[in-house]
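One structure is given below, encoded as structure tokens.
Read the figures in this text as sums done on the coordinates, not as results from a lab. Just so it is clear, the model here is predicted, and its values are computed rather than measured. Please note: Cβ atoms are built from the backbone with ideal geometry, for glycine as well, and neighbour counts cover all protein chains shown.
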Amino acid sequence: MGSGTSTQHHFAFQNAEKAFRAAALIQRWYRRYVARLEMRRRCTWSIFQSIEYAGQQDQVKLHNFFSYLVDHFTPSSHNERDFLNRIFTEERSPQASETQNCGDYDSIEVPDSYTGPRLSFPLLPDHATALVEAFRRKQRLHARYVLNLLHEARKHLVQLPNINQVSTCYSEEITVCGDLHGQLDDLIFIFYKNGLPSPERAYVFNGDFVDRGKDSVEILMVLFAFMLVYPKEFHLNRGNHEDHIVNLRYGFTKEVMHKYKIHGKKILKLLQDVFCWLPLATLVDEKVLILHGGVSDRTDLELLAKLDRHKIVSTMRYKTRKENKKQAEEKGNANQTGSAGRPSPWFLPQSRSLPSSPLRPSTHKAHRAGRSSSVPCGVPLDPKELSRRVRRSVDLELERCRQQAGFPAIKEKEEPSSSESEVDSDAEEQPQPTPEEWRQVVDILWSDPMAQEGCRANTVRGGGCYFGPNVTERLLQKYHLQFLIRSHECKPEGYEFCHSRKVLTIFSASNYYEVGSNRGAYVKLGPELTPHIMQFQANKATHTLTMRQRISRVEESALRALREKLFAHSSDILVEFKKHDKDETGLIALSDWAAAVESVLHLGLPWRMLRPQLVSSLTDNKLAYKSWLENLAKEKLSQQNIQSSLLETLYRNRSNLETIFRIIDSDHSGSISLDEFRHTWKLFSSHMNIDITDDCICDLARSIDFNKDGHIDINEFLEAFRLVEQSCSGGDVSDCPQVTNSSNRDCSSPGAH
Amino acid sequence: MADDRDRDSTEVAVAEFHKKIKEAFEVFDHESNNTVDVREVGTIIRSLGCCPSEGELHDLIAEVEEEEPTGYIRFEKFLPVMTEVLLERRYRPIPEDILLRAFEVLDPAKRGFLSKDELIKYMTEEGEPFSQEEMEEMLSAAIDPESNSIHYKDYITMMVIDEN
């Protein structure tokens, strides 16, 4: 009767309750799972960022290395002296006539067998569209057309002001894109999704078109083509990577020389010039300022608008263009003495005259009061001073320059001597960038926003500053602007607002660190200049992956990079471990492991969070550190006959090594001589206090000289230690630069890459 | 003597917990000012090894929130509360076998799977319901597209391996 139904009810109720509780349990478990995934994702991101920025600090280290050389290294022979000259004296910047030569493409013949796109000038919209299509089909543009296009691009750029003024009344909408970094797929996707440029559809590309990705050349071609076709609607800003020195390190130089073996050098020279002519910023309706990096508390838009932007060849070294003329003269004079003419260390400051005081006291006061030197290079050296030293030996020359590279305090004392020669300096015809002008440009190309108020030196990047919300506010008010659009930093969602939505970071290179690492984005400015963000991820694969798979994949990549870093510092880490293991048990507590690793790497990573991914087995909650380090090494040791410490050193310094090699390889042939290699190593090892004998290095060098011609192919060398990045033709070793004779080799047949 | 040792080992444990908590907190401290958005606190707590329910999480947040909630949680308030949680081993994670039994409760016919619709129904109507986003995300990994169902035993195994 009653009991039957009530039992049924009771039973049903119990079941319902059980189901409720079961569901709650599953949900609880699942939410924890998701949270842990999220934490892993964040940690992965930190790894990538900290390693990327640590890599950028390498440039600073390189500068320190050269300063060290100046301090401690005395060339003991003519060879070494000459070698030092090679490092310190960069090939002179192209003269006006030389640049004309580079534009001399008429003589380059395009063979009938060439099936790539052909360009004729003036370009028509159809040509530009066809170019995009051709690149999408993996065709390559012949060197002749590349040079022609660059030549035309430069002609156009020269007429543009430093700050492009754009108005929204002509085109209905303006789309702003951020860093592309050689990722052509992203550019094609943007054009596909948003539409091709047209008189109704204006575009602004905010710098960093090149480096890192594998299609920087193609991106430039497309961007310049549209710029020529729609000059009023298509705008480009210079980024910190539109810079031939940065390109040496980050892959663009390599890409050009690989794709254009015969004419690559010409192309690079012309590009060097073209980059200097890129506008520095774009202003929309006088309300929205678009520039690549950011601003500083000293940013002066009037000054930026007035300066001669062409004078700033590279933000990495404060060298000007017109030096070479004097240099050539003095080289002639000095030849008799046997010294190498007028060596001018590329990494140290030097400049021609400054009509007004070269070292303005106010500059230095601000310098000391505000922040430390925002860039590795410092303040100019008077040319008359330099010319007096023409006949001195290299050692003294470098010694002098070393002093110049010192801190502001030292420079102030030198003011009087420089100002004496000011009178002579008036004879100089060409105005040169003042330190202030140079700094202004570096600031807008390199700075990053920060959450805290104030403005301090950007030590992570080695250039520009970190600027706070008050700096933004002041600038916006001063120039009656609504907000700032900048790029320069990769963001997981492709964009990020900060400073109360007054600063928008827009980054258009999706999957920047790894497939699935981040989205790309672009922003459209509507009628009231309200920003509308569009996101994308130009890789079909990511859409089919679950969140878990995406995160795992990116995480793996980050961990690999991190393990490599750990390996590269094994010796130092071992020393730290031993400090925590006074009793020599061979074991170390996890807490100490984290502290030790951080004290060596200085990456600021959440090591305890990462620990499960890096350390697999524990005994008694402690780690047997020696075998852990050995396991790290095992992953890297591809060649048994190489000392593990040597390998370690190579890994640790690969970025700098590669850059130095490319500097030495001034004709971009891709190879350096055995002697040069040995010299480099000797210098490096003395700086690094590495106990590696010269013999060992010689053996190493000889073993790498595969064809025994006394030369080392840079890429072969790096490949020998699996250091070369897989950006070179999808990692196909045989495609790496070889010297060729055929003039037809400058373009590949469609399909081959 | 034993007391001293206990106290020492507790101190060591506390010190270690402090470091762990600080690290996890800093991952979400975007402005480097020792605060995190309250919406991320759940992630932090869970990544430290705890497995609270939503209800328990809300109680915890109430403990660490300011008197006038600002939307941000300060580290100074978070640390002591979280340390207690870890010391008391509160909100322990769910062992695999218990999880399996939970699924089996929802599958009384003991087929070894749940249909997609059944899963959706339970996860969005029972317990502490999922949001649409959460549901979609779980489905993307859990559902076998051919059978349109979740074979929960395999699913659990896969997730657990993934964790380790």
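Annotations for the structure displayed:
- Of interest is the spacing of the C-alpha centroids, which for segment A:238-277 and segment A:527-603 amounts to 32 Å.
- Distance in nm between pseudo-label sites at A:H532 and A:V515 (7 Å out along the Cβ direction from Cα): 3.2 nm
- Unsatisfied cross-links (Cα-Cα over 18 Å) in the set A:K579/B:K22; A:K138/A:K265; A:K193/A:K259; A:K214/A:K259: A:K579/B:K22; A:K138/A:K265; A:K193/A:K259
- Calculated over segment B:2-88, the projected area of the Cα convex hull averaged across directions stands at 6.1 nm².
- Gyration tensor verdict on segment A:457-515 (Cα atoms; rounded if a/c is under 1.5, prolate if a/b is larger than b/c, oblate otherwise): oblate
- If you sort the three axes of the alpha carbon gyration tensor as a ≥ b ≥ c, you get a/c under 1.5 for segment B:96-159, which makes it rounded.
- Anisotropy class of segment B:57-151 from Cα gyration tensor, a/c 1.5 cut: prolate
- Sorting A:Y203, A:Y512 by the number of Cβ atoms found within 10 Å of their own Cβ, with the fewest placed first, yields A:Y512, A:Y203.
- Taking other C-beta atoms within 10 angstrom as a stand-in for reagent exposure, A:K565, A:K138 fall in the order A:K138, A:K565, fewest first.
- Dipole magnitude for segment A:454-508: about 180 debye, using +1 per Lys or Arg Cβ and -1 per Asp or Glu Cβ, origin at the Cα centre.
- Among A:C698, B:C50, sorting on how many other beta-carbon atoms sit within 10 Å of each Cβ, with the fewest leading, yields A:C698, B:C50.
- Structure note, pairs A:K582/A:K634; A:K155/A:K254; A:K524/B:K116; B:K121/B:K153: Cα-Cα distances above 30 angstrom occur for A:K524/B:K116.
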